[in-house]
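K.L.:
Encoded as structure tokens, here's the structure I'll be asking about.
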Amino acid sequence: MTSSPQAPAPPPAPAPAPPAPVRDLSLPPKRRPRRGESPSAGAWRDLRRRPLVLACTGVLLVMALMAALPEPFVALLTDDSGRCELADSRVGPNLHHPFGFDLQGCDYLGQVVRGSRPSLVIGLAVTAGALLLSLLLGMLAGFFGGWVDTLLSGLTDVFFGLPFVLGATVVLVAFPDHGLGAMTLVLVALGWTTMTRVMRAQVIGLKQADYVQAARSTGAGPLRLMTRHLLPNAVTPVVVVAMLNVGNVISGEATLDFLGVGLQYPAVSWGLQLNAAQAYVLDFPHLLAFPALFLSATVLSFILLGDAVRDAYDPKLR
Amino acid sequence: MGRYIARRLLYAVPVLLATTFLIHAMVFVLPGDPIQGLAGDRPVPAAVLAELHRRYHLDDPLVVQYAKYLGGLLTGDLGRTFTGEPVADTLAGRWQVTLRLGLTAWFLETVLGVALGVWAALRKGRWADNAVLAGTTLVIAVPVYIVGYLAQLLFGVKLGWFPVAGAEDGWPTAYLLPGLVLASFGVAYVARLTRASLLENLRADYVRTAGAKGLPRWRVVVRHTLRNSLIPVVTFLGIELGSLMAGAVVTEYVFNLPGVGQQVFQAIQLREGPTVVGITTALVLVYCLANLVVDVLYGLLDPRIRHDQ
Amino acid sequence: MLTARAGRLPAALLALALLAVAGSAAAGCVRRSDEDPGPVPDVPGGTFTVALTEPDHLTPGRTTSSYSLQVLEGLFDTPLALDPADGHAVPLAAESISTDDQRVWTLHFRPGARFHNGEPVTAASYADAWNAAAYGPNGWEANGYFSQIDGYAALNPADGAKPPTDRLSGLEVVDDSTLKVTLGAPFSQFPMLLAFPAFAPLPKAAFADPAGYDLHPVGNGPFAMDGDWRHQQRIDLRRAGGYTGPRPATADGVHFRIFTSKDTAFTELRAGHVDFMASVPPSRAYEAKRTFGKRYSVRPSGTMDYLGLPLWDTRYAKPELRQAISMAIDRRGITRAIFNEVFAPADSLVAGMIPGHRAGACGETCEYRPERAKELFDRAGGFTGTLELYFANSDPTYEQWMTAVANELKQNLGIRAIAFRKMSGADLGPILNGHKATGPYRQNWVVDYPSVQNYLAGLLGPNNRSGWSDPAFDRALALGNAAPTAAESEEHYHEAESIALRALPLIPLWNWQDQTAWSSRIGNVLVDPYVAGLHLEKVTVRH
């Protein structure tokens, strides 16, 4: 596919390759940072001024604290003995137990607080993993072109076409322990494609830039070109996509738990709690409501924050 | 354009082959024995076990299995399920369900998404805009199965507007609610995309000029802006058609729709290799085709992009 | 695309809105459904709809799935049936059955019976069906049910080779209405086995086109297929015209609607689109009680859940440890919390509804005694390593009750490291059958015929999953099988059960109860706890 240089969107993907236009059209038309200018300084200043960003950051900080140190939170907020008594099963909220009890008779607030860890760890670990993988693969495909690009783009297409729930289910069946590690691995394996395409398109676009050509003519090797010149300038839009993606990862993990192919005991997670709650929604709505609330608030915060970060880098839309 | 399409179709062949092999390897390399799994808590007599293994090629090495599968594929044989039905037969009826669901969702997504997006853009900064943005953000943040259960309880059981579940009432009655739930994520997305795109275009010089000439606002929007603004939306919707089919697993599960999503999920649990490979390959094929159509459409909508040298 | 505006409403508020929707949606459903319009008149005619899960096959010898069996109940008359009241065998397609030595049995069939396609039902129709099911290379699922008949081994070589013959040597067609069956060893419970649908007769069409027959089975029962089985969607039956047997149908037809999710099926029952549901999920018990009142019933079933113990793993070798695990589990607490009081705590290896069940056979071992459990646990030397719990992921409630068990083992015995091994049945089957599990596993038993012997032989017979064996147990079972009277058989079976309970290779947990609910459109709802399920032919319809 060849597109004229002034085509606004999607990012131009000239080149030898089988066409792989960038699929994430939530991305606004890209403004490439001009040479020598730090794109982040102004944007960052801009971000900190917004109340919404502060609110989301606040929510996420609280969640992160809960994930890191659940027990102090539990001790502070509720009267959790640490024992689960079946006699308390599904008792609703009261003064001593603000969220009531779950099906197993465990203090629900305690369980919901402890359930924050898998969601956050997986959300961040998967995003980081997928980001690294896509930076690497996108760079290689974009920089070298030719058969490397053909191969990697084909691979991207194969994985991109693989329906998420199906791919994850098939892979997870191979890991009987279904731990955090396995979940992270699976979600990374299925989550790197969009970012790789964005990265590849960026690198292809930048490769022809004057300063890269100049560096090349002064004898910079491929490694130096890639790490010193291309990476810093290509990375921003990929990071923005990654930010937007954290929320999706978290609800994807919860969906796998819900379908019964995700985490399992002794893990505690919002997805597992929602799975357990689904049959009791009518009589005991609190079982559904609290984990849904926490899950949705977290996902929402990540999405809003990702949106805000993107807007900061692309102020045209405000 | 013709050469471009031919090249793209040719390119799809290795991608599809790689996909079938990948899925095949994933399903067949896994440990476990589907026959013993189906028997549940009763032991299976050795002779029966041997026969069923032979019948479903379970003891062959992966490469042999894959070769047999491809051989069957060439003659139009997609293999058999563990109840002895040809996979192709089970798919025939199920594709209709998934296709109906996907198209219903896609239609709702297009109409509601664009309408909400345009509305929000024209009321930028007012309560309608805020409501649309807040609502769509919320929908994106809540996992689809929670939306599904709430919709079932509210519209199916409490209000009784729609059948709670099942495909028995036929299209459109049985598909509206699940279609809406399946579309919810996309509606939110399309609405935001339309809004943003429209806002961007409304700021463009030619629109300002048209406004300055005294043309009524709705005319400016409809005549000058909407078509341009919809380019990214159309692109998204094209790709979305493929994703809707693939993403229907959870919706079909919650609403008990006998589509391919539900079938493939069960088949994975049962280790029913031929079914899993058949459906996934078909989904990837739909996906590739949707991509192709989008790229071609894109060239038509935006003359600046040409696919021929 | 989102701008900062979206969030002028703080995130928490949006989330609260969700909570409110959840609450109001749920609250709205708590009202009672329709008023009871009085009893259903006892007149023939009308059709009704039954919720079903997709069966695996509809050819009798090819299935043991309870969903298939419910459909086969209408389509086929087996030689004998089980009395819905106490489970003893009564004649159905056969007029009589007799034996002198519990080994050679003679069946006389009713004359004049015909299949739905007009073909006469003869003794050969039975022999052909049984031979086909018993022939290993056919791969029919009910193959194991024929293992008592003489000649079964020849049709099922252990090495999977091709058998030299395809007929059971123990079957002899004496004349059109007489079949002589010779068993490998005396087996006093044989008549009950003959009520299992795999023993139904098959017409010639079943062998001419097996695949087509499975979609459109032609039987000898009160209902016939009305169109083909539409996979994952529906199966329709209509009253069979030429039926001459002892249980003619009252209604004109039955529609089975196939659901993947029982929760969905129950919701449809509430919405009035389904008339009968045989297995309301236990989690919906309170809701069902409230909504359906008298049209909701909980009946004991023959299905039991156990925690099996891997005796080949030396950590579980001491009986004290196994008893400690058993006594640390609060069966009543779990049945209350997880199963909404629908399931009954087990006090024996055998379900309470089985003739010959002894209340409290398990004694103190099956009671919740956390202190005593801890004492036994310490005396057995405690437990090292991770205790892994094995179960299939086919139903979400398994995970819930396993969680309760895990919590109790942790809290009552102090076992710190407990992990789940939840996997698909395809993985679990080979692990359990191959003695590769390293921890307790979920063991379930659906009874085939209401006899203590069925549990003992099925669960603890040769090559059982827990790897337990005891010659005294095997001897007691064999004596029971050969005994001439029911009372004598029972005595030997009880002895065998006591041996097994002392060793405790299987910890009895609870006995399933069938929760059924039905609409006000249907009456005369008779659900029996044995193989038949809902007696389709007896149901009356308001129309």
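The values are calculated or read from the model by the stated rules, or taken from the named source; none is laboratory data. Treat the numbers as computed from the prediction; the structure is a model and nothing was measured. Methodologically, a virtual Cβ is constructed for each residue, glycine included, from the backbone with ideal geometry; neighbour enumeration extends over all protein chains shown.
K.L.:
For the stretch C:368-461, please list each of the helices (runs of 4 or more DSSP H) lying entirely inside it that holds at least 1 residues being among the basic types (Lys, Arg).
P.N.:
In the stretch C:368-461, C:370-379 are the helices (runs of 4 or more DSSP H) which contain 1 or more residues that are among the basic types (Lys, Arg).
K.L.:
Look at A:Val261 and say whether it is of a type in the set (Val, Ile, Thr) and not in a helix (DSSP H, G or I).
P.N.:
Numbers: of a type in the set (Val, Ile, Thr): yes; not in a helix (DSSP H, G or I): yes.
Yes; evaluated as a whole, the condition is true for this residue.
K.L.:
Go through the stretch C:508-530 and give me each residue that's not in a strand (DSSP E or B) and not hydrophobic (A, V, I, L, M, F, W, C).
P.N.:
Quick first cut of the stretch C:508-530, residues not in a strand (DSSP E or B) only: C:519-521, C:524-526, C:529-530.
Within the stretch C:508-530, C:Ser519, C:Ser520, C:Arg521, C:Asn524, C:Pro529, C:Tyr530 qualify.
K.L.:
Let me ask something else. Report yes if some residue within the stretch A:222-233 is more than 10 Å from chain C (Cβ to nearest Cβ), in a helix (DSSP H, G or I) and of a type in the set (Val, Ile, Thr); otherwise report no. Write out each step before concluding.
P.N.:
Just the residues of the stretch A:222-233 that are more than 10 Å from chain C (Cβ to nearest Cβ), to begin with: A:222-233.
Then drop every residue that is not in a helix (DSSP H, G or I), which leaves A:222-233.
Of the ones still in play, those that are also of a type in the set (Val, Ile, Thr) are A:227.
The answer is yes, given that some residue of the stretch A:222-233 is more than 10 Å from chain C (Cβ to nearest Cβ), in a helix (DSSP H, G or I) and of a type in the set (Val, Ile, Thr).
K.L.:
Look at the stretch B:235-273 and say how many of its residues are polar (S, T, N, Q) and closer than 30 Å to B:Pro31 by Cβ.
P.N.:
Here the count works out to 4.
K.L.:
Mind checking which helices (runs of 4 or more DSSP H) fall wholly inside the stretch B:163-265 and carry at least 1 residues that are closer than 26 Å to B:Val276 by Cα, aromatic (Phe, Trp, Tyr) and in contact with a helix residue (DSSP H, G or I) (Cβ under 6 Å, 6 or more places away or on another chain)?
P.N.:
B:173-202, B:248-255
K.L.:
Output the residues belonging to the stretch C:158-189 that are in contact with a Ser or Thr (Cβ under 9 Å, 6 or more places away or on another chain) and within 13 Å of another protein chain (Cβ to nearest Cβ).
P.N.:
none
K.L.:
Just the residues that are aliphatic (A, V, I, L, M), assigned to a helix (DSSP H, G or I) and either more than 9 Å from chain C (Cβ to nearest Cβ) or surrounded by 21 or more Cβ atoms within 10 Å (Cβ to Cβ) (or both), please, taken from the stretch B:141-160.
P.N.:
Matches in the stretch B:141-160: B:Ala141, B:Val144, B:Ile146, B:Val147, B:Leu150, B:Ala151, B:Leu153.
K.L.:
If you don't mind, another one. Could you go through the stretch A:192-207 and let me know if any residue there is within 27 Å of C:Ala417 (Cα to Cα) and surrounded by fewer than 22 Cβ atoms within 10 Å (Cβ to Cβ).
P.N.:
Looking through the stretch A:192-207, none of the residues is within 27 Å of C:Ala417 (Cα to Cα) and surrounded by fewer than 22 Cβ atoms within 10 Å (Cβ to Cβ).
K.L.:
Here's something else I'd like to know. I'm trying to understand the selection: among the residues of the stretch B:1-14, which are modelled with pLDDT under 80 and among the hydrophobic types (A, V, I, L, M, F, W, C)?
P.N.:
If the condition is that a residue be modelled with pLDDT under 80 and among the hydrophobic types (A, V, I, L, M, F, W, C), then B:Met1, B:Ala12 are the ones that fit.
K.L.:
Related question: Kindly provide the set of residues from the stretch B:119-140 that are assigned to a helix (DSSP H, G or I), more than 13 Å from chain A (Cβ to nearest Cβ) and free of Cβ contacts under 8 Å to residues at least 40 places away in the same chain, ordered by number.
P.N.:
B:Trp119, B:Trp127, B:Ala128, B:Ala131
K.L.:
Hey, another quick one. Can you list the helices (runs of 4 or more DSSP H) found entirely within the stretch A:43-131 that contain at least 3 residues being within 11 Å of chain C (Cβ to nearest Cβ), over 29 Å from A:Leu190 (Cβ atoms) and under 31 Å from the mean Cα position of the chain (by Cα)? Even if it seems obvious, please write down each step before you answer.
P.N.:
Values: elements: A:51-68, A:70-77, A:108-114.
Result: A:51-68.
K.L.:
While we're looking at this one, here's another question. Within the stretch B:1-107, which helices (runs of 4 or more DSSP H) (wholly inside it) include 1 or more residues that are within 14 Å of chain C (Cβ to nearest Cβ)?
P.N.:
B:2-29, B:34-39, B:46-55
K.L.:
Separate question: Inside the stretch A:282-318, can you point out the residues that are in a helix (DSSP H, G or I), within 27 Å of C:Ser283 (Cβ to Cβ) and either in contact with a Cys (Cβ under 7 Å, 6 or more places away or on another chain) or modelled with pLDDT under 85 (or both)?
P.N.:
Within the stretch A:282-318, A:Pro285 is the sole residue that qualifies.
K.L.:
Sticking with this structure for a sec: Out of the stretch C:148-167, which residues are part of a loop (DSSP other than H, G, I, E, B) and hydroxyl-bearing (Ser, Thr, Tyr)?
P.N.:
The answer is C:Thr165, and nothing else.
K.L.:
Now for a separate question. Could you list, in sequence order, all residues of the stretch C:198-209 that are buried (at least 18 other Cβ atoms within 10 Å of the Cβ), over 20 Å from C:Ala532 (Cβ atoms) and either among the aromatic types (Phe, Trp, Tyr) or within 14 Å of chain B (Cβ to nearest Cβ) (or both)?
P.N.:
C:Ala206 - this is the single residue of the stretch C:198-209 that is buried (at least 18 other Cβ atoms within 10 Å of the Cβ), over 20 Å from C:Ala532 (Cβ atoms) and either among the aromatic types (Phe, Trp, Tyr) or within 14 Å of chain B (Cβ to nearest Cβ) (or both).
K.L.:
Oh, and also: Could you please find all residues in the stretch B:244-272 being under 9 Å from the mean Cα position of the chain (by Cα) and more than 8 Å from chain A (Cβ to nearest Cβ)?
P.N.:
B:Leu244, B:Met245, B:Ala248
K.L.:
Then there is this: What strands (runs of 3 or more DSSP E), lying completely within the stretch C:168-243, carry at least 1 residues that are over 26 Å from the mean Cα position of the chain (by Cα)? Write out each step before concluding.
P.N.:
Working: elements: C:171-175, C:178-182, C:223-225, C:234-239.
Once the strands (runs of 3 or more DSSP E) in the stretch C:168-243 are filtered for at least 1 residues that are over 26 Å from the mean Cα position of the chain (by Cα), what remains is C:171-175, C:178-182, C:234-239.
K.L.:
Residue by residue through the stretch C:216-253, note down the ones that are under 30 Å from C:Thr397 (Cα atoms) and surrounded by 24 or more Cβ atoms within 10 Å (Cβ to Cβ).
P.N.:
C:Ile235
K.L.:
Here is a check on your reading of the model: is A:Ala267 out of contact with any Phe, Trp or Tyr (no Cβ under 7 Å at 6 or more places or on another chain), aliphatic (A, V, I, L, M) and assigned to a helix (DSSP H, G or I)? Steps first, please.
P.N.:
Numbers: out of contact with any Phe, Trp or Tyr (no Cβ under 7 Å at 6 or more places or on another chain): yes; aliphatic (A, V, I, L, M): yes; assigned to a helix (DSSP H, G or I): no.
Taking the combined requirement at face value, the residue does not satisfy it.
K.L.:
Looking at B:Ala191, B:Ala151, B:Ala183, which one is in contact with a Gly (Cβ under 6 Å, 6 or more places away or on another chain), of a type in the set (A, V, I, L, M) and either over 16 Å from B:Trp106 (Cα atoms) or at pLDDT 80 or above (or both)? Reasoning before the result, please.
P.N.:
Details: B:Ala151 fails: in contact with a Gly (Cβ under 6 Å, 6 or more places away or on another chain); B:Ala183 fails: in contact with a Gly (Cβ under 6 Å, 6 or more places away or on another chain).
Among B:Ala191, B:Ala151, B:Ala183, only B:Ala191 is in contact with a Gly (Cβ under 6 Å, 6 or more places away or on another chain), of a type in the set (A, V, I, L, M) and either over 16 Å from B:Trp106 (Cα atoms) or at pLDDT 80 or above (or both).
K.L.:
Of all residues in the stretch C:77-98, which are touching a strand residue (DSSP E or B) at 6+ places or on another chain (Cβ under 8 Å), surrounded by 22 or more Cβ atoms within 10 Å (Cβ to Cβ) and of a type in the set (S, T, N, Q)?
P.N.:
Result: no residue meets the conditions.
K.L.:
Okay, next question. Since C:Glu141 meets every condition but one in (1) out of contact with any Lys or Arg (no Cβ under 8 Å at 6 or more places or on another chain); (2) of a type in the set (D, E, K, R); (3) at the interface with another protein chain (Cβ under 10 Å from one of its Cβ atoms), which condition does it not meet?
P.N.:
C:Glu141 satisfies every listed condition except (1).
K.L.:
If you don't mind, another one. Answer yes or no as to whether C:Asp176 is among the acidic types (Asp, Glu) and under 25 Å from B:Pro45 (Cα atoms).
P.N.:
So C:Asp176 does not fit the description; no.
K.L.:
Within the group A:Val74, A:Val112, A:Val91, which residue is of a type in the set (Val, Ile, Thr), over 25 Å from A:Val198 (Cβ atoms) and surrounded by fewer than 19 Cβ atoms within 10 Å (Cβ to Cβ)?
P.N.:
A:Val91
K.L.:
Give me the pairs, please: first residue somewhere in the stretch C:419-436 and without any contact (Cβ under 8 Å) to a residue 60 or more places away in the chain and more than 10 Å from chain B (Cβ to nearest Cβ), second residue anywhere and assigned to a strand (DSSP E or B) and among the acidic types (Asp, Glu), beta-carbon distance under 7 Å, and either six or more positions apart or on two chains.
P.N.:
If the second residue must be assigned to a strand (DSSP E or B) and among the acidic types (Asp, Glu), the pairs left are C:Ala419/C:Glu388; C:Arg421/C:Glu388.
K.L.:
Just one of the numbered conditions (1) among the hydrophobic types (A, V, I, L, M, F, W, C); (2) touching a Phe, Trp or Tyr at 6+ places or on another chain (Cβ under 7 Å); (3) surrounded by fewer than 24 Cβ atoms within 10 Å (Cβ to Cβ) is not true of C:Trp312; which one?
P.N.:
Only one criterion in (1) among the hydrophobic types (A, V, I, L, M, F, W, C); (2) touching a Phe, Trp or Tyr at 6+ places or on another chain (Cβ under 7 Å); (3) surrounded by fewer than 24 Cβ atoms within 10 Å (Cβ to Cβ) is unmet by C:Trp312, namely (2).
K.L.:
Taking only the stretch A:138-183 into account, find how many residues are in a helix (DSSP H, G or I), touching a residue at least 24 places away in the same chain (Cβ under 8 Å) and either small (Gly, Ala, Ser) or within 14 Å of chain B (Cβ to nearest Cβ) (or both).
P.N.:
Summing the residues that are in a helix (DSSP H, G or I), touching a residue at least 24 places away in the same chain (Cβ under 8 Å) and either small (Gly, Ala, Ser) or within 14 Å of chain B (Cβ to nearest Cβ) (or both) in the stretch A:138-183 gives 19.
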